[in-house]
1. Could you identify the single residue in Ala221, Ala212 that is without any contact (Cβ under 8 Å) to a residue 24 or more places away in the chain, of a type in the set (Gly, Ala, Ser) and either assigned by TED's automatic domain parsing to the domain that holds Cys160 or surrounded by fewer than 19 Cβ atoms within 10 Å (Cβ to Cβ) (or both)?
2. Looking at (1) within 30 Å of Thr185 (Cβ to Cβ); (2) assigned to a helix (DSSP H, G or I), which is the only condition Gly99 fails?
3. Within segment 132-148, identify whether any single residue is among the hydroxyl-bearing types (Ser, Thr, Tyr) and over 30 Å from Asp71 (Cα atoms), and answer yes or no.
4. Looking at segment 121-135, can you tell me whether even one residue there is polar (S, T, N, Q), in contact (Cβ under 8 Å) with a residue 24 or more places away in the chain and not in a helix (DSSP H, G or I)?
5. Tell me the residue from Ala116, Ala58, Ala45, Ala88 that is part of a helix (DSSP H, G or I), more than 16 Å from Val192 (Cβ to Cβ) and touching a residue at least 40 places away in the same chain (Cβ under 8 Å), please.
6. Evaluate segment 137-150: report whether one residue or more is among the aliphatic types (A, V, I, L, M) and not in a helix (DSSP H, G or I).
7. Of all residues being at pLDDT 95 or above and in contact with a Phe, Trp or Tyr (Cβ under 9 Å, 6 or more places away or on another chain) in segment 120-134, which is farthest from Arg229 (Cα to Cα)? Just the residue, please.
Amino acid sequence: MKRFWTDVAVTGDNPFGVALDGRAVRTPARDPLLLPTRVLAEAVADEWRDVTGEVKPAAMPLTGLANAALDLMAADVDGHALRLAEYAGSDLLCYRAEGPGPLVAKQAAAWDPVLAWAQQRFDTGFVVTAGVLPVTQPPMAVPRVAATLAALGPFGLAACAQLVPLSGSALLALALVEEAVDLDTAWAAATVDEAWSAENWGEDDDATAALALKAAAFAAAHRFLVLGRGRG
């Protein structure tokens, strides 16, 4: 689709919409694109204002996340929450390197504080192992994480549907959601292994480019979450 509109405006008042020349923007399912806060609506509107020529969904991450919240997450909040919570059953933070020692130490420094927060937050232990052989987490771990994710509602869940797989960790994503860590700390923790490889074996151009795209998507999901709470 090419740009056909001149004016972009935020409409309504809780929820808020976005209109192109007075016509409401709709989701792919053809429902009105309704947003919970004005700051999020303005940010989505800015994405439409910035379009030149062809509409490129990759350049409109907030619009894409809003579409996911309304068309996908809202239809099955509990189901999507449970699927994301299953990451906690094999969470990045629980699978440590067997060596070398400096990498083990870097993982511990980045992951142990988040894991300690998660153990207190969810009132359950998490089993940590070295290597890749699977371990079984306590039976209440995944259900408690799922309940926390579901409580975020469709918009928070849409953000987590990006934060969790990009980081490989439901626990790290929720620490970010609940502001136990900030964005930079969370992404640094999610990419300890990649940073170690680049530091010790040199950077690969393709891997660096792919990681940059993931970092941008992670930051966009976090921004979507913050704007959805009414904070700019």
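The values are calculated or read from the model by the stated rules, or taken from the named source; none is laboratory data. Owing to the predicted nature of the structure, the values given are computational and were not obtained by experimental measurement. Here the Cβ is made from the backbone with ideal geometry for all residues, glycine too, and neighbour counts use every protein chain on show.
1. Values: Ala221 fails: without any contact (Cβ under 8 Å) to a residue 24 or more places away in the chain.
The conditions single out Ala212.
2. (2)
3. Residues of segment 132-148 among the hydroxyl-bearing types (Ser, Thr, Tyr): 136, 148.
Filter once more, so that each one left must be over 30 Å from Asp71 (Cα atoms): 136.
Yes, because at least one residue in segment 132-148 is among the hydroxyl-bearing types (Ser, Thr, Tyr) and over 30 Å from Asp71 (Cα atoms).
4. First, the residues of segment 121-135 that are polar (S, T, N, Q): 124, 129.
Among the residues that remain, those that are also in contact (Cβ under 8 Å) with a residue 24 or more places away in the chain are: 129.
When the remaining residues are screened for being not in a helix (DSSP H, G or I), the result is 129.
There is at least one residue in segment 121-135 that is polar (S, T, N, Q), in contact (Cβ under 8 Å) with a residue 24 or more places away in the chain and not in a helix (DSSP H, G or I).
5. On the way: Ala116 fails: touching a residue at least 40 places away in the same chain (Cβ under 8 Å); Ala58 fails: touching a residue at least 40 places away in the same chain (Cβ under 8 Å); Ala45 fails: touching a residue at least 40 places away in the same chain (Cβ under 8 Å).
Just a single option satisfies the conditions, and that option is Ala88.
6. Initial filter on segment 137-150 (among the aliphatic types (A, V, I, L, M)): 140-142, 145-147, 149-150.
Okay, now just the ones that are also not in a helix (DSSP H, G or I), so 140.
Yes, that holds for at least one residue.
7. Ala130
Condition check ((1) within 20 Å of the chain's Cα centre (by Cα); (2) in the same structural domain as Phe224 (by TED's automatic domain parsing); (3) closer than 15 Å to Phe155 by Cβ) across all residues:
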position: Gly12; (1), (2), (3): no, no, no
position: Arg23; (1), (2), (3): no, no, no
position: Arg26; (1), (2), (3): no, no, no
position: Leu35; (1), (2), (3): yes, no, yes
position: Arg38; (1), (2), (3): no, no, yes
position: Trp48; (1), (2), (3): no, no, no
position: Gly53; (1), (2), (3): no, no, no
